[in-house]
1. Which value in nm describes the separation of the simple spin-label points at residue 32 and residue 155, placed 7 Å from the Cα toward the beta carbon?
2. Using helices alone, what [θ] at 222 nm do you get for the chain, with -39,500 (n - 2.57) per DSSP H run of 4 or more residues, divided over all residues and rounded to the nearest 500?
3. Expressed in nm to one decimal, what extension gain is obtained for the pair residue 39 and residue 100 from 0.36 nm per residue of sequence separation less their Cα-Cα distance?
4. Grab the Cα-Cα distance for residue 125 and residue 22, subtract it from 0.36 nm times how many residues apart they are, and report the gain in nm with one decimal.
5. For the stretch 1-71 and the stretch 114-130, compute the distance between their C-alpha centroids and round to whole Å.
6. Report the dimensions of the stretch 95-160 along its three principal axes from the alpha-carbon atoms, largest first, rounded to Å.
7. Neighbouring Cβ atoms within 10 Å as the yardstick, rank 131, 71, 63, 5 fewest first.
8. Quick one: Debye curve from the C-alpha atoms of the stretch 1-83, no solvent, what's log10 I(q)/I(0) at q = 0.14 Å⁻¹?
């Protein structure tokens with residue numbers, strides 16, 4: 001892996017992982033160790049969480065295709081060494097969410113767009129922008145929907161960490 005070419009994305013955008021029952025089996029202990037190390041790393045690198053969890057599904061019977069996906073994640077990490085969350089000693093770990101919306105921003109159907117961002121301490125951990133599914137009758141209603149979306153995003157993140 002020392003001479004590995006860095007990847008732009010942690011997973012391939014053209015193919016997906018499956019059981020690969022005809023694939024060649026690999027050392028289960030080595031594969032689980034790699035997955036465990038990557039899961040530990042997700043505390044400071046949430047950008048790899050989805051990819052690592054996809055690979056973790058196949059720990060019972062890993063194949064070479066699954067190992068290739070894990071190696072791709074590692075190649076992605078090589079190319080993004082300067083990216084990650086930093087948790088300095090003594091800093092607060094407050095979870096803060098912000099939301100905003102426009103009122104009837106999309107002119108064709110008059111729907112608003114909600115945006116949220118979430119900070120853990122001083123680190124941005126997620127953001128979300130989406131056109132609202134219903135037409136708001138006022139600016140206050142659009143903001144209320146955006147606040148609800150913000151709370152939903154935070155709760156889904158907190159619940160997925162347990």
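1. 3.6 nm
2. On the way: 4 runs with 60 residues, N = 162.
Helices in the chain give a 222 nm mean residue ellipticity of -12000 deg cm²/dmol.
3. Result: 18.7 nm gained on full extension.
4. Going from the current span to full extension adds 33.2 nm.
5. 27 Å
6. Projected onto the principal axes, the Cα atoms of the stretch 95-160 cover 37, 20, 18 Å.
7. Taking fewest neighbouring Cβ atoms as first place, the list is 5, 131, 71, 63.
8. -0.43
Only the coordinates and a few stated rules stand behind these numbers; no lab work does. Keep in mind that what you see is a predicted model, and the values were worked out from it rather than measured. Quick reminder, even Gly has a Cβ in these numbers, built from the backbone with ideal geometry, and neighbours come from all protein chains shown.
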